[in-house]
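For reference, the structure discussed in these notes is given below.
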Amino acid sequence: MSQEKKDGLPKIFANSSCVIPADYDKDGDLDLFIGSRVIAGNYGVSPKSYLLQNDGYGNFTEVPLPKEIAYMGMVTDAVWVDFDADGWLDLAVVGDWMPITFIKKPKRQVYDFIHELN
Ligand SMILES: [Ca+2]
Ligand SMILES: [Ca+2]
């Protein structure tokens, strides 16, 4: 089994605050949530946060998130936790000028969108 490593990480230009790994899609490799903190020169506007899926070879692809999640706020930290105990990791996110935000991962398939609870 071999596959050449391609680009690794996609080119993302963001003032990020955290990179939180977890195997959110349960395919055996670690994926990444990247929380973004601020837009340079535009403080107070919510930057885009990212979810990157690992292909198992260390190549990460951006998972499209609904706008209200990608731009949820000025993220400072997050943690993957299965808060509803359905066997799938969900995300709890904190940040400046935003409520503590819980994002549920519905148990369906790998490319499922995460959707926001509150
Ligand atoms: Ca994974
Ligand atoms: Ca869950």
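No value in this document is a laboratory result; all are computed from the given coordinates. Everything quoted here is computed from the prediction, not taken from an experiment. For neighbour counting, all protein chains shown are included, and Cβ atoms are generated from backbone atoms with ideal geometry for every residue, glycine included.
Taken together, VAL38, VAL63, VAL45 contain a single residue that is more than 10 Å from ligand 1 (Cβ to nearest atom), exposed (fewer than 13 other Cβ atoms within 10 Å of the Cβ) and β-branched (Val, Ile, Thr), which is VAL45.
Can you confirm whether the range 68-83 contains a residue that is more than 15 Å from ligand 2 (Cβ to nearest atom), crowded, with 19+ Cβ neighbours inside 10 Å and part of a loop (DSSP other than H, G, I, E, B)? Among the residues of the range 68-83, at least one is more than 15 Å from ligand 2 (Cβ to nearest atom), crowded, with 19+ Cβ neighbours inside 10 Å and part of a loop (DSSP other than H, G, I, E, B), which makes the answer yes.
So, ASP55, is that one crowded, with 18+ Cβ neighbours inside 10 Å, within 14 Å of ligand 1 (Cβ to nearest atom) and either without any contact (Cβ under 8 Å) to a residue 60 or more places away in the chain or not charged (D, E, K, R) (or both) or not? No: the conditions fail for ASP55. Only one of the listed residues (ILE20, ILE103) is in contact with a helix residue (DSSP H, G or I) (Cβ under 8 Å, 6 or more places away or on another chain) and either β-branched (Val, Ile, Thr) or within 12 Å of ligand 1 (Cβ to nearest atom) (or both). That residue is ILE103. Any residue at all in the range 18-30 that's assigned to a loop (DSSP other than H, G, I, E, B) and over 22 Å from LEU91 (Cβ atoms)? The answer is no, given that none of the residues of the range 18-30 is assigned to a loop (DSSP other than H, G, I, E, B) and over 22 Å from LEU91 (Cβ atoms).
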